[in-house]
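J.: Okay, here's the structure, questions in a sec.
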Amino acid sequence: MTSERNTDQQGKPAESASPCNFDSDKLIMKLKVSLSAERKAVDPVVRNVMEIVRDMQCAIGKEDDIELALTEALANAVVHGAKEDPSKIVECIVACDEQRGMLIMVRDPGPGFDPASIPDPCTGNNIYSSHGRGIFLINQLMDEVKFHKNGTEIHMVKR
């Protein structure tokens, strides 16, 4: 029997219900994208997804926040989860729900991680670090952020 550890952005146990229920009958749009785990694949995917998001007008005035959060989540999945192995696949689902707003899930094939182990980039010597701000940015930009499946999935909501 396997267990699933769901944590929120602070690494605390998350509620079992995912904020990104993509089976809702209230979805206006649902887009599934798979990309090879290469850095060069991230920007074109983000551009194409954001073009659809803008056309659907699901998050008017919040597109820039969504774009940056999506870019960071995909980059983290490619670099940290899939170790930039082009034979591995990163998955992304983006949906617009008329009641909940933009729902985004990014999944990588990696072993996962503990979100609580990520150092705060705003304290101590971390301020001078050249990396380690992606999850911090995502948490600042999105209304809801939860990690599932041992950190191999990030679920984000922008209302």
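J.: Scan (1) at pLDDT below 95; (2) basic (Lys, Arg); (3) out of contact with any Asp or Glu (no Cβ under 9 Å at 6 or more places or on another chain) for the single condition residue 26 breaks and write down its number.
T.: Unmet for residue 26, out of (1) at pLDDT below 95; (2) basic (Lys, Arg); (3) out of contact with any Asp or Glu (no Cβ under 9 Å at 6 or more places or on another chain): (3).
J.: Given the structure, is residue 73 over 26 Å from residue 99 (Cβ atoms) and in contact with a helix residue (DSSP H, G or I) (Cβ under 8 Å, 6 or more places away or on another chain)?
T.: Judged against the criteria, residue 73 is not a match.
J.: Pick from region 85-101 the residues that are among the acidic types (Asp, Glu) and within 17 Å of the chain's Cα centre (by Cα): which of them is surrounded by the fewest Cβ atoms within 10 Å (Cβ to Cβ)?
T.: 91
J.: Please work out if residue 36 is loosely packed, with under 14 Cβ neighbours inside 10 Å, over 18 Å from residue 113 (Cα atoms), at pLDDT 95 or above and among the hydroxyl-bearing types (Ser, Thr, Tyr).
T.: The answer is no for residue 36.
J.: Can I ask one more? Pairs, please: C-beta under 6 Å, at least 6 apart or cross-chain, first residue in contact (Cβ under 8 Å) with a residue 24 or more places away in the chain and in region 95-112, second crowded, with 21+ Cβ neighbours inside 10 Å and β-branched (Val, Ile, Thr)?
T.: 102/66; 104/94; 106/154; 108/90
J.: Quick one: count up the residues across region 34-65 that are part of a loop (DSSP other than H, G, I, E, B) and touching a Lys or Arg at 6+ places or on another chain (Cβ under 7 Å).
T.: The qualifying residues number 3.
J.: Going through region 61-84 one residue at a time, which ones are under 20 Å from residue 155 (Cα atoms) and more than 15 Å from the chain's Cα centre (by Cα)?
T.: Matches in region 61-84: 62 only.
The values are calculated or read from the model by the stated rules, or taken from the named source; none is laboratory data. Just so it is clear, the structure is predicted and the values come from calculations on it, not from any experiment. Because the Cβ atoms are built from the backbone with ideal geometry, glycine has one as well, and the counts that use them run over all protein chains shown.
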